[in-house]
1. Could you list all residues from region 101-126 that are of a type in the set (A, V, I, L, M, F, W, C) and either in contact with a Cys (Cβ under 7 Å, 6 or more places away or on another chain) or surrounded by 15 or more Cβ atoms within 10 Å (Cβ to Cβ) (or both)?
2. Of the conditions (1) over 21 Å from Asp11 (Cα atoms); (2) out of contact with any Lys or Arg (no Cβ under 9 Å at 6 or more places or on another chain); (3) surrounded by fewer than 20 Cβ atoms within 10 Å (Cβ to Cβ), Gly86 satisfies every one except a single condition; which number is it?
3. Checking Ala82 against (1) in contact with a His (Cβ under 9 Å, 6 or more places away or on another chain); (2) under 19 Å from Leu149 (Cβ atoms); (3) of a type outside the set (D, E, K, R), which test does it fail?
4. Among Ser104, Ser71, which is the only one that is more than 15 Å from Asp16 (Cα to Cα) and modelled with pLDDT of 95 or more?
5. What tally of residues in region 43-59 results from selecting those that are in contact (Cβ under 8 Å) with a residue 12 or more places away in the chain, surrounded by fewer than 20 Cβ atoms within 10 Å (Cβ to Cβ) and farther than 23 Å from Asp109 by Cα?
6. I'd like the residue in region 11-42 that is in contact with a Phe, Trp or Tyr (Cβ under 8 Å, 6 or more places away or on another chain) and surrounded by fewer than 16 Cβ atoms within 10 Å (Cβ to Cβ) and, out of all such residues, is nearest to Ala82 (Cα to Cα).
7. Can you pull out the residues in region 99-139 that are aromatic (Phe, Trp, Tyr) and either free of Cβ contacts under 8 Å to residues at least 40 places away in the same chain or out of contact with any helix residue (DSSP H, G or I) (no Cβ under 6 Å at 6 or more places or on another chain) (or both)?
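The values are calculated or read from the model by the stated rules, or taken from the named source; none is laboratory data. Given the structure is predicted, the values throughout are model-derived calculations rather than measurements. Every residue, glycine among them, receives a Cβ derived from its backbone with ideal geometry; neighbour counts consider all protein chains shown.
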Amino acid sequence: MTITLGSAAPDFELSDQHGNKVSLASFKGKKNVVLLFYPFSFTGTCTGELCAMRDDLAAFQNDSVQVLAVSCDSMFTQRIFAEKEGYEFPVLADFWPHGAVAKSYGIFDDVRGCSLRGTYVIDKEGIVRWQIVNGLGDARNLEDYKIALAAL
């Protein structure tokens, strides 16, 4: 499935790094969401991107916006990764069924068993307003997120 701008974002419920269930629907009517898929925890580019977000978190997570980071790693891996790097946003495990949420967004790499670098800005009504999908080794530009969020 390919996500198109203006379409409803596929809902999901995943465990965060603490085992709490987090659903996209729980933010509907309350907050915009920056949904950030990354290939693997503890890899250079992924860690760099999430640390850059952590270091400027107020621009991405506040009273009107929630960051949700997702990879196909297990909840236990996500916990250690988030604690080590000091992430103060949910780091979700799309572990089992393996990559099901990434597949619903059309960004699962079947050969490598991980998601591509997909980012979706979803408004309070659950509609995809902005997206970008990069290859595994291509880092994203966080300034693009700020522009997309400012347009909401």
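1. Of everything in region 101-126, those that are of a type in the set (A, V, I, L, M, F, W, C) and either in contact with a Cys (Cβ under 7 Å, 6 or more places away or on another chain) or surrounded by 15 or more Cβ atoms within 10 Å (Cβ to Cβ) (or both) turn out to be Val101, Ala102, Ile107, Phe108, Cys114, Leu116, Val121, Ile122.
2. Looking at each condition in turn, Gly86 falls short on (2).
3. It is condition (2) that Ala82 fails.
4. Only one candidate qualifies: Ser104.
5. 6
6. Per the criteria, the residue is Phe42.
7. Listed by number, the residues that qualify are Tyr105, Phe108, Tyr120.
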